[in-house]
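These notes concern the structure reproduced below.
The values are calculated or read from the model by the stated rules, or taken from the named source; none is laboratory data. Everything numeric in this text was worked out from a predicted model, so none of it was measured. Cβ atoms come from the backbone with ideal geometry, glycine included; neighbour counts cover every protein chain shown. These area figures cover heavy atoms from the full protein model, side chains too; ligands, DNA and RNA do not enter into them. Shrake-Rupley method; radii C 1.70, N 1.55, O 1.52, S 1.80 Å.
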Amino acid sequence: MLKNYLKTALRNLWKNKAFSAINIIGLAAGLAVCLSIVLYVADELSYDKYNVSAARIYRLDADIFFNNTPFTSTSCPRPLPVTLVKDYPQIEQMVRINNAGDILVKKGNDNIQDHDAAYADSTFFKVFTAPMIAGDPATALNEPHSIVIDETTALKYFNSTDAVGKTLYVDNSVYCKVTGVMKDFPRQSHFHFRFIRPLRDTWQGQANDWLSNNEQAYILVKPGVQKELIQSKVDETVKDHLYRQLQEVLHASAADMEKQGAHFRYHLMPLLDIHLHSDKSYEIEANGNINYVYIFSVIAILILLIACVNFMNLSTARSANRAKEVGIRKVAGSSKTNLIIQFLTESVLLSFIAMLLSLGIAALLLPLFNQLAGKQMHFTTLLSSWMLPVLLALVIIVGLIAGSYPAFYLSSFQPIQVLKGSIASGFKSSWLRSGLVIFQFSISIMLLIGTIVIYNQLDYIRSRKTGYNREQVLVLHNTDGLGKQIKAFREDCLKITGVNKVTISGDLPTATSGFSQNGWFRDATLDVKRAIILTSFIVDEHYIPTLGMEMAKGRNFSPDFLSDSTAVVINESAASLLGAKDPVNMTVYRPWNEYKSRAYHVIGVVKDFNFSSMHQKVGPLVMQLGSNNGSAALAVSPKNITPLIGQVEQLYKHMAPGLPFSYSFMDADFNNLYKAEQRTGKLFITFAIFAILIACLGLFGLVTYAAEQRTKEIGIRKVLGAKVGSIVNLLSRDFARLVLISFFISFPIAWWAMNKWLESFAYRITISWWVFLLAGATAMIIALFTVSLQTIRAALANPVKSLKSE
């Protein structure tokens, strides 16, 4: 019986080649987009799963709220994880990590600026799965000045993975002995360290200092231990140790602070949740966003539904062509069940063919999709053992969904009515078909609106005044390699034609690493009731004028005032937090050695500027005068940029021979902060184009069959003198009406959805009326163009041919 169903299905598909082609191409396109998004979602959900004990690893994240100032980060006090392992047997192991970022490595006579370096405890390999190619993971980080490198790094510097026992000269200061070569971390990891050195090689303050969040820490709990139990142990440890030290400094108990709404908490962040659910200060790498996984998953389903709707529309539109077949089959004894199975078999077979074609389309689209999504996904994932059953299930589900209504609709025809020719046909005969067209274009218009809103928001971010000048600012990286020559370097840069101003500071507004945050007080007693948390910048006296910032009150730092060594400049948000109408000459305090306070006098208030993503409002900031040689920012003239950079590079290499020269432009660094949003915008417009193309493909098929069913009417109208334009208008207006109805459905839904997305930005646009008008007009023009392609052809046909058979 099944063999007979398949034979009949193949004959019908071959007999109606045009119908089959439109349906297969539409379904294949929808499935290809769906498969691409499945790859994306699978990739996002697979982060850190390579770790054998991934489900038992947690990161300790800070959650601090102090005098109405929140602070969340991925760091914790150095003694916290050590104390947890010592006091609680439920915690098996811990590791502390200090992300070092860039590293200088000498190869031959040149220093190479390499990336992804870190310091870690010797227990790193007991917590994380990082297989060793050479060396002993149990002892690799035991000795000072040892270093573990990954496979790619070993090949880069030694042309072999047999590098254990060899040395690397790093940071122009120390020879490190290679004690291990590990495999490269998988792409789906929230860190990709290539160099790991012992934590003891870096100074991070006193070992028993509970008030400094110096490192990231991960704990490995024993099997079967619940997260809630460990969290309670963390809370107990924080109260026993951190709050005790806080009381010594602030003279306030934990209960006193909690009454004021303040808290110092450290939450357990599951390792498997970090990539999609964490966006805190000091993240090792930029993470993903679970909301985008949800959004793209919904888009995949909607685009697939559009493709299924095409099938349903075209099948019911062809009902008149197959009505006689149904009638004869019923007279010959076929039951309704047999007819339903027959039509569903055709649908599943068509879905299977479309799936094969979609795999080819997905393979062709994958390089483009990888570029848009910033991924390195592989097509072979779709052919993996776990994916093949998913594809088979998708074929069956899509086939049943797409073929369900046509099967029940066609099988319900009464043979007497069919054979008498009384089955109603034509475009107007199906309210469901009209509803499905509205559904298709509603989705397409919503995607268009989403695309326009995302691009408008990104454009707003790029054009909005940030409070500093980022245009024509050349940023030099790793200038700390200049050492004591840094001031001479600055003076010599100013002698280069085109260099207008220069500042030396690692705390630039577009820096991707987290900024330091410290507690400040309004009086010398360090009264907790008068404490605030401020982001701290270490700058020179040239910082504010070089970046074009404006003073709201007071003055900038000046070398003419020796007292500026204990002076600070605050921003408007900090001034507001201090509660003083005129904070200039006000004195603020911060803890110093042995928890004594040190006084600083406020000499000026700089206007607020964005030093973090526009997802957050400008926070309170304090600037101190000091040495911070990590970067240099040069305000330059737009003319002759290339030779100017060449002269700066020549000067740099003269003063720091052998050190790599690295630079970027501040406006480019600013744009890099919003890579995720830019990728989302590109993906949105890609999906919107696919949705409209698939919808228009179905619309084209509907118009084709509607024109076929009205061939006689068109012929009579032409004989009676109707013009081509009037016939095109006759055939087009019903479809235009459906697209118009989709406006009223899609507009409010799109407005709600995009406003929810915009809520993640502290500084955002308002959605203007013209966005809806543009999206609707675009959809209408595309729909009418699609309809016109076929209606003009039908209107131009010779009426003699259409009436000759009548």
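Overview of results
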quantity	calculated
Qualifying positions in the range 189-201 - open to solvent by less than 40 Å² (accessible area, probe 1.4 Å) and under 19 Å from the mean Cα position of the chain (by Cα)	SER189, HIS190, PHE191
Lone qualifier among VAL437, VAL453 - being out of contact with any Ser or Thr (no Cβ under 6 Å at 6 or more places or on another chain), modelled with pLDDT of 85 or more and under 30 Å from VAL309 (Cβ atoms)	VAL453
Some residue of the range 498-509 being touching a Cys at 6+ places or on another chain (Cβ under 9 Å) and open to solvent by less than 30 Å² (accessible area, probe 1.4 Å)	yes
Any hit, the range 85-108, residues being assigned to a strand (DSSP E or B), within 30 Å of ASP480 (Cα to Cα) and among the acidic types (Asp, Glu)	yes
Residue satisfying all of: in the range 537-586; open to solvent by less than 10 Å² (accessible area, probe 1.4 Å) and of a type in the set (S, T, N, Q); nearest to GLN624 (Cα to Cα) among these	ASN571
Residue tally, condition in contact with a helix residue (DSSP H, G or I) (Cβ under 8 Å, 6 or more places away or on another chain) and farther than 25 Å from VAL437 by Cβ, over the range 732-759	2
Top-ranked residue of the range 513-536 - restricted to ones that are in contact with a Gly (Cβ under 6 Å, 6 or more places away or on another chain) and modelled with pLDDT under 85, ranked as surrounded by the most Cβ atoms within 10 Å (Cβ to Cβ)	ALA531
Residue match in the range 334-344 (condition: outside any helix (DSSP H, G or I) and at pLDDT below 75)	yes
Neighbours by Cβ (under 9 Å, 6+ apart or cross-chain): first from the range 756-780, under 12 Å from ASN456 (Cα atoms) and hydroxyl-bearing (Ser, Thr, Tyr); second assigned to a helix (DSSP H, G or I) and open to solvent by less than 30 Å² (accessible area, probe 1.4 Å)	THR766/LEU758
Failed item, numbered, when PRO81 is tested on (1) part of a strand (DSSP E or B); (2) within 24 Å of LEU141 (Cβ to Cβ)	(1)
Subset tally (residues that are within 18 Å of PHE735 (Cα to Cα) and out of contact with any helix residue (DSSP H, G or I) (no Cβ under 9 Å at 6 or more places or on another chain)) for the range 769-787	2
Extreme residue, nearest to the chain's Cα centre (by Cα), among residues of the range 367-385 that are farther than 20 Å from LYS675 by Cβ and open to solvent by less than 40 Å² (accessible area, probe 1.4 Å)	LEU382
Scan of the range 42-53 for residues that are surrounded by 16 or more Cβ atoms within 10 Å (Cβ to Cβ) and assigned to a helix (DSSP H, G or I), ordered by number	ALA42, ASP43, GLU44
Subset tally (residues that are assigned to a helix (DSSP H, G or I) and in contact (Cβ under 8 Å) with a residue 60 or more places away in the chain) for the range 487-502	5
Residue match in the range 275-290 (condition: of a type in the set (Lys, Arg) and over 19 Å from the mean Cα position of the chain (by Cα))	no
Selected residue (only one of ALA753, ALA707, ALA691 is out of contact with any strand residue (DSSP E or B) (no Cβ under 6 Å at 6 or more places or on another chain), assigned to a helix (DSSP H, G or I) and modelled with pLDDT under 75)	ALA707
Long-range neighbours under 7 Å by Cβ, at least six apart or interchain, first residue free of Cβ contacts under 8 Å to residues at least 12 places away in the same chain and closer than 14 Å to ALA300 by Cβ within the range 26-51, second open to solvent by 10 Å² or more (accessible area, probe 1.4 Å) and of a type in the set (Gly, Ala, Ser)	none
Tally of residues being open to solvent by 30 Å² or more (accessible area, probe 1.4 Å) and in a helix (DSSP H, G or I) across the range 285-311	8
The range 776-806 - residue that is modelled with pLDDT under 70 and hydroxyl-bearing (Ser, Thr, Tyr) and, of those, farthest from CYS696 (Cα to Cα)	SER805
Residue match in the range 607-629 (condition: in a helix (DSSP H, G or I) and over 30 Å from ARG462 (Cα atoms))	no
Residue match in the range 83-98 (condition: of a type in the set (A, V, I, L, M, F, W, C), open to solvent by less than 10 Å² (accessible area, probe 1.4 Å) and in contact with a Leu (Cβ under 6 Å, 6 or more places away or on another chain))	yes
All positions within the range 634-650 that are outside any loop (DSSP other than H, G, I, E, B) and open to solvent by 30 Å² or more (accessible area, probe 1.4 Å)	ILE641, THR642, PRO643, GLY646, GLN647, GLU649, GLN650
Of residues in the range 386-422 being surrounded by 15 or more Cβ atoms within 10 Å (Cβ to Cβ) and among the polar types (S, T, N, Q), the one modelled with the highest pLDDT	SER404
In the range 651-666, residue least open to solvent (accessible area, probe 1.4 Å) [restricted to those that are assigned to a helix (DSSP H, G or I) and closer than 15 Å to ASN629 by Cβ]	TYR652
Residue satisfying condition, being assigned to a helix (DSSP H, G or I), open to solvent by 10 Å² or more (accessible area, probe 1.4 Å) and over 30 Å from GLY776 (Cβ atoms), within set LYS465, LYS484	LYS484
Residue within the range 204-223 that is open to solvent by 10 Å² or more (accessible area, probe 1.4 Å), in contact with a helix residue (DSSP H, G or I) (Cβ under 9 Å, 6 or more places away or on another chain) and modelled with pLDDT of 90 or more present	yes
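Residue by residue, here is whether (1) crowded, with 16+ Cβ neighbours inside 10 Å; (2) within 31 Å of the chain's Cα centre (by Cα); (3) modelled with pLDDT of 80 or more; (4) acidic (Asp, Glu) holds:
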{"site": "LEU720", "(1), (2), (3), (4)": "no, no, no, no"}
{"site": "LYS723", "(1), (2), (3), (4)": "no, no, no, no"}
{"site": "PHE743", "(1), (2), (3), (4)": "yes, yes, yes, no"}
{"site": "ILE767", "(1), (2), (3), (4)": "yes, yes, yes, no"}
{"site": "LEU774", "(1), (2), (3), (4)": "no, yes, yes, no"}
